[in-house]
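What follows is a single structure, written as structure tokens, with notes after it.
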Amino acid sequence: DSRFAKDQLLLMLREWYMHPSGQIPAYEWAFGDVNPPVHAWAAWRVYKIERRLRGKGDRAFLEKVFHKLLLNFTWWVNRKDAEGNNVFQGGFLGLDNIGVFDRSAPLPTGGHIEQSDGTSWMGMYSLNMLAIALELAQEDPAYEDVASKFFEHFMYIAHAMHHLGGEGGISLWNEADGFYYDVLHGDGSDPIPLRVRSMVGLIPLFAVETLEPEQVDRLEGFKRRMQWFIDNRPDLADHIVEAQRLDGKIRRLLSIVTQPQLPRVLRYMLDEGEFLSPHGIRALSRYHRDHPYVLSLDGMPHRVDYEPAESSIPLFGGNSNWRGPIWFPVNYLLIESLQKFHWFLGEGVAVECPTRSGRRMNLWDVSIELSRRLSRIFLRGPDGRRAAFGGVETFQRDPHWRDLIPFHEYFHGETGAGLGASHQTGWTGLVAKLIAQSGE
């Protein structure tokens with residue numbers, strides 16, 4: 001029900017929960033932690049779904065959400081960009097123990113971590129807010145100026161990820177590896193790339209959006225300012241791609257991950273020896289099963305191993321493991337991002353899926369393959385068993401239980417068995433969408 005979804009979003013942004021500074025609580029036992037800023041994405045998705053179903057979107061809802069999220073976006077910029085360079089240190093970000101350190105706690109080195117995921121979430125947030133502002137500007141030109149603000153802010157963020165501190169500075173993109181990493185800034189020490197192949201390095205794929213001429217050409221002020229920015233900041237040109245349609249009109253793609261980088265990142269993501277599981281994309285590469293990442297500081301090793309099920313360490317409580325299992329929400333966002341890239345790039349981009357298989361697919365077909373693998377978590381296989389139930393025979397065989405399918409917090413990186421709490425109910429509706437999309 002779209003009304004329920006809208007009410008929940010608006011409730012979360014009420015003054016009862018949102019701090020006057022614009023901060024939104026992470027969860028009930030630690031208001032000060034920070035979760036990924038997906039509220040604009042959720043609002044934009046709800047608006048578009050309702051518009052498609054009913055022929056008209058709820059603009060009043062979209063405006064209410066947008067005004068509150070302006071406060072939250074500003075809080076992020078003021079509180080989570082420690083050096084004012086458009087690279088962010090979100091901390092926890094819902095990824096619990098994915099890193100070398102507990103990202104909610106002070107670092108043993110002092111200093112801070114420049115986060116590839118935190119910065120990418122803010123790039124995605126900028127594009128979500130840009131999309132909403134452009135929609136609102138179709139009927140109210142007052143929103144054109146703020147649309148320009150989010151366009152420019154995205155460009156600055158995308159550039160900073162690759163040129164932190166200016167040309168020749170630090171990059172969250174590792175050209176040698178072809179992947180994104182966090183960078184550790186200790187007090188008084190040289191920056192250290194934390195070369196862990198994890199979901200942290202795939203989240204940059206989320207920051208992608210297409211600007212269609214039917215939307216942009218009606219907004220003369222926004223279009224003029226955007227073109228001025230493009231013409232006068234050629235150093236940022238890698239993150240905007242223009243393509244001319246047969247009718248002469250210009251389409252534009254905005255993305256953190258550039259076209260040359262895209263197949264390099266996907267080479268890891270679609271490798272069954274790395275991220276690609278029979279049941280989706282792992283949160284940590286299987287490469288680290290045989291090659292643990294170890295960072296030694298003052299004689300003490302800090303280690304990240306591939307653990308496809310429950311965590312074996314107490315970091316961040318040890319209750320939500322991001323060191324190998326499959327997490328459904330980020331898998332869904334990866335699928336959506338691949339479809340956005342395909343919408344613009346079309347058949348011009350094809351990659352091996354799986355990597356080294358010799359089987360090439362366009363990005364839409366890759367998204368369908370991922371949808372199919374995720375669906376297999378919940379559907380019965382040829383042997384009549386559901387991966388989500390694992391080895392619990394009562395759930396697999398008993399007619400009173402076998403069709404009562406829970407939605408777990410995360411799923412085993414090898415078998416797809418459900419693990420952790422069964423409470424991620426807000427995402428369960430997406431399972432049906434992926435099953436329908438995959439044709440399973």
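The values are calculated or read from the model by the stated rules, or taken from the named source; none is laboratory data. Just so it is clear, the model here is predicted, and its values are computed rather than measured. Reconstructed Cβ throughout: ideal geometry from the backbone, glycine too, with neighbour counts over all protein chains shown. These accessible areas exclude ligands, DNA and RNA; they are computed on the full protein's heavy atoms, side chains included. Shrake-Rupley method; radii C 1.70, N 1.55, O 1.52, S 1.80 Å.
The table below lists the values:
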quantity	calculated
Residue that is nearest to Tyr181 (Cα to Cα) [pool: residues in the stretch 248-267 that are open to solvent by less than 20 Å² (accessible area, probe 1.4 Å) and not polar (S, T, N, Q)]	Val265
One residue from Met122, Met129 being out of contact with any Ser or Thr (no Cβ under 7 Å at 6 or more places or on another chain), more than 30 Å from Ile192 (Cβ to Cβ) and open to solvent by less than 10 Å² (accessible area, probe 1.4 Å)	Met129
Residue list for the stretch 183-213, restricted to those being assigned to a helix (DSSP H, G or I), of a type outside the set (Gly, Ala, Ser) and in contact with a Ser or Thr (Cβ under 7 Å, 6 or more places away or on another chain)	Val200, Ile203, Pro204, Leu205, Phe206
Selection count where residues are among the charged types (D, E, K, R), surrounded by fewer than 20 Cβ atoms within 10 Å (Cβ to Cβ), farther than 16 Å from His159 by Cα and touching a His at 6+ places or on another chain (Cβ under 9 Å), scope the stretch 183-234	0
Identity of the residue in the stretch 171-182, in a loop (DSSP other than H, G, I, E, B) and over 15 Å from Phe101 (Cα atoms), that ends up most open to solvent (accessible area, probe 1.4 Å)	Glu175
Test: residue in the stretch 36-43 that is open to solvent by 20 Å² or more (accessible area, probe 1.4 Å), out of contact with any helix residue (DSSP H, G or I) (no Cβ under 9 Å at 6 or more places or on another chain) and not aromatic (Phe, Trp, Tyr)	no
Test: residue in the stretch 343-366 that is over 20 Å from Leu270 (Cα atoms), of a type in the set (A, V, I, L, M) and either in contact (Cβ under 8 Å) with a residue 24 or more places away in the chain or surrounded by 13 or more Cβ atoms within 10 Å (Cβ to Cβ) (or both)	no
Tabulated pairs, the stretch 407-419, first polar (S, T, N, Q), second buried (at least 24 other Cβ atoms within 10 Å of the Cβ) and part of a loop (DSSP other than H, G, I, E, B), C-beta under 8 angstrom, 6+ apart or interchain	Thr415/His279
Breaking point among (1) more than 18 Å from the chain's Cα centre (by Cα); (2) outside any loop (DSSP other than H, G, I, E, B), for Arg14	(2)
Residue match in the stretch 297-304 (condition: assigned to a loop (DSSP other than H, G, I, E, B), open to solvent by 20 Å² or more (accessible area, probe 1.4 Å), modelled with pLDDT under 95 and of a type in the set (A, V, I, L, M, F, W, C))	no
Yes/no for Arg289 being under 23 Å from the mean Cα position of the chain (by Cα) and at pLDDT 95 or above	no
Any hit, the stretch 270-282, residues being in contact with a Gly (Cβ under 9 Å, 6 or more places away or on another chain), on the phi < 0 side of the Ramachandran plot, outside any strand (DSSP E or B) and in contact (Cβ under 8 Å) with a residue 12 or more places away in the chain	yes
Failed item, numbered, when Ser375 is tested on (1) under 22 Å from the mean Cα position of the chain (by Cα); (2) over 27 Å from Trp121 (Cβ atoms); (3) hydroxyl-bearing (Ser, Thr, Tyr)	(2)
